[in-house]
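Single-structure report; data block below.
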Amino acid sequence: MRRARVSLFILLMAIAGCHKAPPVAKPTPPPPTPFPNPAPASAPAAPAPVPEPPPVPSEPVVTVDPLTTSPIDDINKNSPFKPAFFALDSDELDDAARAALNEDAQVLKKYGTWVVTIEGHCDERGTAEYNLALGERRASAAKSYLVSLGVSTDRMKTVSYGKEFPFDPGHDESAFSKNRRAHFMLTAK
């Protein structure tokens with residue numbers, strides 16, 4: 001039996017030697033990373049100053065001209081035009097009428113696309129036919145003066161209303177003097 005034990009022992013050793021696990025290679029550690037030469041032992045440098053951002057330009061101030069953006073009816077309600085007033089039974093421009101027309105010419109030159117109708121008006125005295133003719137002469141006198149100031153004739157039309165549309169409905173000289181006029185209405189922009 002001793003022999004059987006020894007044989008068994010050898011056999012077991014042989015089997016154990018055959019089943020030995022193959023050696024496992026150990027992983028290679030990564031190569032050391034090279035470090036730059038350390039800086040000399042001094043104080044760290046101050047950070048570079050951050051430049052100031054450029055100033056933001058202010059928004060441009062846009063002014064809106066109400067005379068170019070408003071509807072024609074609104075402009076006529078608050079008309080920039082001044083009426084030219086006339087003496088009784090006259091179509092002659094006096095100094096005050098020419099001064100008003102000078103301002104009107106400046107408005108027409110500033111707004112070069114505007115077209116106006118110059119209305120000739122009279123007071124209630126006189127016949128309808130006489131007042132229509134006088135109103136036409138007054139509107140034409142105003143137009144001719146504006147043309148002499150450089151306003152193009154094709155930007156102005158004339159019409160006479162005679163005594164039909166009084167500015168002041170009164171029946172005295174104060175009302176009559178306000179009704180004898182050349183009145184401007186903006187008709188196109």
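Assorted remarks:
- For the cross-link pairs LYS82/LYS157; LYS109/LYS178; LYS109/LYS163; LYS157/LYS178, the ones whose C-alpha atoms lie over 19 Å apart are LYS109/LYS178; LYS109/LYS163; LYS157/LYS178.
- Restricting segment 99-165 to GluC sites (Glu not before Pro) in coil, as DSSP defines it, with at most 15 other Cβ within 10 Å: GLU124, GLU164
- The label-point distance for PHE167 and SER144, in a model that sets each label 7 Å from Cα toward Cβ, rounds to 2.2 nm.
- For segment 149-160, backbone phi angles converted through the Karplus equation (6.51, -1.76, 1.60; θ = phi - 60°) give residue-by-residue couplings of 8, x, 7, 5, 5, 6, 9, 10, 10, 10, 8, 10 Hz, Gly and Pro being listed as x.
- Counting all C-alpha pairs of segment 68-188, share separated by more than 24 Å (%): 23 percent
Just so you know, all these numbers are worked out from the coordinates, no wet-lab data involved. What you see is a predicted model; the values in this text were computed from it and never measured. Ideal geometry is used to build each Cβ from the backbone, glycine not excepted, and the neighbour counts take in all protein chains shown.
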